[in-house]
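Below is one structure, written out as structure tokens; comments come after it.
Just so it is clear, none of the values below were taken in a lab; they were calculated from the coordinates. In this text, all values refer to a predicted model and were calculated from it rather than measured experimentally. All Cβ positions, glycine included, derive from the backbone under ideal geometry; neighbour counts span all protein chains shown.
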Amino acid sequence: MVRHAGIASGVIAVIVVVALLAPWVAPYDPIAQPDIIGLKNLAPSFSHPFGTDSFSRDVLSRCIYGARISLSVAALATAIAITLGTLYGAIAGYVGGAVDAVLMRIVDAALSIPRVLLLIAILALWNGLPLWLLIVVLGATGWFGLSRMVRAQVLSMRELDFVAAARALGASGPRILFRHILPNVLPTIIVAATLGVGHVIILEAGLSYLGLGVQPPSASWGSIIQDGADQIGAAWWISLFPGLLIVTTAIACNALGDALRAAFDPRENAVTMAELDS
Amino acid sequence: MTDPLLSVSDLRTYFHDGEVVARAVDGVSFDVAEGETVAVVGESGSGKSVTALSILRLIRPPGRIETASSIRFQGRELLQLSDGEMRTIRGNRIAMIFQEPMSALNPVLTVGEQIAEVVRVHTDASRHDAWERAVEMLALTGISAPRERASEYPHQLSGGMRQRVMIAMALVLKPALLIADEPTTALDVTIQAQILELLQRLQEQLGMAVLLITHDLGVVAEVADRVVVMYGGEVVERATMTELFEAPQHPYTEGLMSAMPRLDRDAERLVTIPGVVPPSTAWPSGCRFRDRCSYAWDRCATEHPPLYPVGDEHESRCHLAVEPLRRSESHTPLTVRVGADS
């Protein structure tokens, strides 16, 4: 388990570092079309390890720059989802009663709609969607499951002795929630965030492939796949390499998330946040 | 005579579940004067912890403090304060420590942060000043190397040290009243004595009153000035500590005394009070202790006994107070079984 986590975080770290250093590590300009006839659809070679696409652009460079878009969309959308889900679930769990019942029925309703369908319906309203809006929409549709988990934990923690003690020493409701309860829910949130990033990368790739996600000339891994989709027989490398990157990154995120979950799970292992801290 | 620091009168805390009402605390009255230690004694289910929580208004639905109840503290009626005003009292003027030092501390905050937080909630002290007061308070509770300890997490400390931290949290603002709910129950016997001594020392230093909730008469004998014995959600006996130990009047108190293991008596087995506390949803008619009482006669089933005065500052909720002859002529009192007394 620990070894998997090591490999997974190593893979994620490499991809993140390469994405951050894109201008220095990418061999070519990702949108330059140097020779649209002579350098078109070149197979992988030493000068173009991932080949070139039908506009003579270097696929490796496009993938490196695409990583920036794919990763930042995933990270920001997940950050939004985590914030919304945590707040929503925490309020439902802490306030309880009728408020809880209403909030949770809303989540039940939202969860009953397939997310991809919901996204397609929302995104189809825009023509030429700005990137920030894509992030917001992905974030705003991704918090339902987490809110239920957070709510369940807050609900059970509300009755614990240290919460009663905090109340007995004069702490107010918001203070108890944010300072005493939520830090104890952090393991759940961290696991959900890690798994969420992997999930959003795939989701964003799917949407971009459908033309609903990242708009040209910016490219994410999903839109690079789409660039090569109509000539997959003649120039398979255009779609294959970004596809492999998506799969690798998503698997790494899931493996890391699972490893963290196992590490935080008291039934498997008695690691607590406090111990990680010290 | 000046007003007592805390005056609880006719406190009723009921838990409502549809038609069923659990009368956990049912008409409890007692006073605590400045600087004194009052012990509330009773077994599980007697309502003593609910009484403690009621004073701080920490009862959560479906529990409710009924309207005729009154809790006066420093001349103010606590039951009429707003939630915000009540919060300024908790931890500041009245503090509470709990039975389980293990679970009553937040596992993800250092102990220093937890003590400093109490200061920051109630005063304008800066982060740095609050931290200094936390360290000072830890030193006062006898923890060695308080500055280093302040940066540690609860799981790094022993049970006794955690209880010292709890005490530091409760006393950092020098409250006028400390409610200690079974403060030593979860600790080793050797540590218990240390913690009790610490509480007494701090009580003298800070001049606070202590309301000690316990089932352990040994603890009571060591620290209490006055004792309130609770049974079935009611006060059944109220006396000074010496008076109670020398001349217990209520059969339940007698039972508690004889159930105490003692070294100076030759007993082969410990005495127990037969039966358990009846459920608070259905107190028996008349005297609530009668099912377990060896003196009980027909009057006990029909007439609910009031608190009869039985001496100087001594009251007992038992008809024996007015029919004392029954005590000698009736069945074997519990105390006789072990040998001495009576």
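Using just the helices of the protein assembly as shown, give the 222 nm mean residue ellipticity in deg cm²/dmol: DSSP H runs with n ≥ 4 each add -39,500 (n - 2.57), and the total is spread over all residues, rounded to 500.
-15000 deg cm²/dmol
With a 10 Å cut-off between alpha carbons and a GNM built on chain B, which of B:HIS314, B:HIS215, B:HIS122 moves the most?
Of the options given, B:HIS122 has the highest mean-square fluctuation.
Could you grab the Rg to Rh ratio for chain B? Cα atoms only, Kirkwood for Rh.
0.99
Name the cysteines of the protein assembly as shown that stand alone by the Cβ rule: no other cysteine Cβ under 4.7 angstrom.
A:CYS63, A:CYS253, B:CYS293, B:CYS318
Work out the length of the dipole vector of the stretch B:9-59 about its Cα centre, built from +1 on the beta-carbon of each Lys and Arg and -1 on the beta-carbon of each Asp and Glu, and round it to the nearest 20 debye.
My answer is approximately 120 debye.
For a quick check, take a GNM of chain B with Cα springs below 10 Å and name the residue from B:ASP26, B:ASP291, B:ASP17 with the largest mean-square fluctuation.
Among B:ASP26, B:ASP291, B:ASP17, the largest mean-square fluctuation in the Gaussian network model of chain B belongs to B:ASP17.
About the Cα centre, and with charges only on the beta carbon of Lys, Arg (+1) and Asp, Glu (-1), how big is the dipole of the stretch A:38-107? Nearest 20 debye, please.
180 debye
Taking only C-alpha pairs under 8 Å that are 6+ residues apart, what is the relative contact order of the stretch A:90-247 in percent?
Computed value for the stretch A:90-247: 22 percent relative contact order.
Along the Cα→Cβ direction, 7 angstrom out, place labels at B:THR242 and A:THR248. What is the inter-label distance in nm?
8.6 nm
Two decimals is fine: what is log10 I(q)/I(0) at q = 0.07 Å⁻¹ for the protein assembly as shown, from a Debye sum with one equal scatterer on every Cα and no solvent?
Normalising to I(0) and taking log10 leaves -0.61.
Is there a simple number for the mean count of other chain Cβ atoms within 10 Å of the Cβ of residues in B:96-106, and what is it?
So the per-residue partner count for this stretch is 5.
R0 = 56 Å: FRET efficiency of B:TRP297 with A:HIS4, Cβ-based, nearest 0.05?
Working: r = 75 Å, r/R0 = 1.34.
Efficiency for this residue pair is about 0.15.
Sequence-distant or interchain residues sharing an amide H contact under 5 Å with B:MET230, placed H: which?
Those qualifying (amide H under 5 Å, at least 5 residues apart or on another chain) are B:VAL41, B:GLY42, B:VAL236.
Could you please tell me the mean projected area of the C-alpha convex hull for chain A, averaged over all directions and given in square nanometres to one decimal?
The number I arrive at for chain A is 17.8 nm².
To the nearest 0.05, what FRET efficiency results for A:ALA121 and B:GLU66 with a Förster distance of 51 Å applied to their C-beta separation?
Working from the Cβ atoms, E equals 0.40.
Would you look at the GNM of chain B, springs on alpha carbons closer than 10 Å, and say which of B:ILE191, B:ILE71, B:ILE94 moves the most?
The residue with the greatest mean-square fluctuation here is B:ILE191.
To the nearest 0.05, how large is the calculated FRET efficiency for A:GLU159 and B:ALA259 if R₀ is 30 Å and r is the Cβ-Cβ distance?
It comes to 0.45.
Can you tell me how much longer the chain between B:GLU148 and B:HIS16 gets when fully stretched, taken as 0.36 nm per residue apart minus their C-alpha distance, in nm with one decimal? Show your work: numbers first, answer last.
Working: separation 132, 0.36 × 132 = 47.52 nm, distance 4.74 nm.
So the chain would gain 42.8 nm between B:GLU148 and B:HIS16.
Could you work out the percent of alpha carbon pairs in the stretch A:7-65 separated by over 14 Å, rounded to a whole number?
Working: 938 of 1711 pairs.
Value for the stretch A:7-65 (Cα pairs over 14 Å): 55 percent.
Place +1 on the Cβ of every Lys and Arg and -1 on the Cβ of every Asp and Glu in the stretch A:1-150, take the dipole about the Cα centre, and give the residue among A:ILE122, A:PHE46, A:ILE82 whose Cα lies farthest towards its positive end.
Working it through, the farthest residue towards the positive pole turns out to be A:ILE82.
Indicate, rounded to the nearest 5 percent, the antiparallel portion of the DSSP beta bridges found entirely in the protein assembly as shown.
Given both bridge residues lie in the protein assembly as shown, the antiparallel proportion sits at roughly 60 percent.
Give me the percent relative contact order of the stretch B:24-159, please, defined on Cα pairs under 8 angstrom at least 6 residues apart. Before the final figure, lay out each step's value.
Details: 95 pairs, mean separation 23.7, N = 136.
Averaging sequence separation for qualifying contacts and normalising by length gives 17 percent for the stretch B:24-159.
Expressed as an acute angle from 0 to 90° and rounded to the nearest 10, what is the orientation of the C-alpha long axis of helix B:127-140 relative to the principal long axis of chain B?
Helix B:127-140 sits roughly 50 degrees off the main axis of chain B.
How large is the direction-averaged shadow of the alpha-carbon convex hull of the stretch A:59-161, in nm²? Could the numbers behind the result be given before it?
Working: hull surface 34.0 nm².
So the mean shadow area of the Cα hull is 8.5 nm².
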